[in-house]
1. Quick one: would you say LEU144 is over 30 Å from LYS7 (Cβ atoms), outside the structural domain of LEU8 (by TED's automatic domain parsing) and modelled with pLDDT of 90 or more?
2. Can you pull out the residues in the stretch 70-108 that are of a type in the set (Lys, Arg) and touching a residue at least 12 places away in the same chain (Cβ under 8 Å)?
3. Inspect the stretch 56-64 for any residue being surrounded by 15 or more Cβ atoms within 10 Å (Cβ to Cβ), of a type in the set (Val, Ile, Thr), in a helix (DSSP H, G or I) and modelled with pLDDT of 90 or more and give the result as yes or no.
4. If the requirement is being aliphatic (A, V, I, L, M), within 23 Å of ARG5 (Cβ to Cβ), exposed (fewer than 13 other Cβ atoms within 10 Å of the Cβ) and out of contact with any helix residue (DSSP H, G or I) (no Cβ under 7 Å at 6 or more places or on another chain), which of these qualifies: ALA106, ALA102, ALA116, ALA90?
5. Scan the stretch 70-84 residue by residue and report those that are touching a helix residue (DSSP H, G or I) at 6+ places or on another chain (Cβ under 8 Å) and farther than 14 Å from GLU2 by Cβ.
Amino acid sequence: MEQYREKLKMQNALMTIGCGILSMFCIMISMDGNLFALPKPAVSENWQDFWQGFCTGAAAGILLLMVFFLVRNLRAIGDEKFLKKLYVKAHDERTEKIYTTARGTAMQVFLIGGLAAVCIGGYFSMTVGLTILGCVIFCSLTCLAFKFYFSAKL
């Protein structure tokens, strides 16, 4: 149980750093909408406003999740009963098998759907088609790399 407690402490340290970075990101974007003095994209004003709001909202949502898990971990570190409950939940074999199976199936669906989207998107825009193709190739190569890695490790 002490190892799990140390793992939670490490997660807390990483989440604290992440919260700081995301907070700065939210502040910088909401101040002028021009993060790191990058040139604004040559698109309409509405798109720039939408994108600024989207990035700020996404960062704020992730920030809230990180704060939630940080508070949960701090509570578990101080409460032995809650720590055991989290440990059992995190190391349940049935739950791990369900997640593993679901992720594998989701990746297959994503790759097949991505290939269909490449064919369909290519008719409307070459940029969209090639972007989706790049995502599909990246996911395929990542799956292949992890397959070789875990085949050797397990």
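The values are calculated or read from the model by the stated rules, or taken from the named source; none is laboratory data. Computed from a predicted model, the values in this text were never measured in an experiment. Here the Cβ is made from the backbone with ideal geometry for all residues, glycine too, and neighbour counts use every protein chain on show.
1. Details: over 30 Å from LYS7 (Cβ atoms): no; outside the structural domain of LEU8 (by TED's automatic domain parsing): yes; modelled with pLDDT of 90 or more: yes.
For LEU144, the condition - over 30 Å from LYS7 (Cβ atoms), outside the structural domain of LEU8 (by TED's automatic domain parsing) and modelled with pLDDT of 90 or more - is not met.
2. ARG72, LYS84
3. Yes, because at least one residue in the stretch 56-64 is surrounded by 15 or more Cβ atoms within 10 Å (Cβ to Cβ), of a type in the set (Val, Ile, Thr), in a helix (DSSP H, G or I) and modelled with pLDDT of 90 or more.
4. Values: ALA106 fails: within 23 Å of ARG5 (Cβ to Cβ); ALA102 fails: within 23 Å of ARG5 (Cβ to Cβ); ALA116 fails: within 23 Å of ARG5 (Cβ to Cβ).
After applying the criteria, what remains is ALA90.
5. Within the stretch 70-84, the subset touching a helix residue (DSSP H, G or I) at 6+ places or on another chain (Cβ under 8 Å) is 70, 72-77, 82-83.
The answer is LEU70, ARG72, ASN73, LEU74, ARG75, PHE82.
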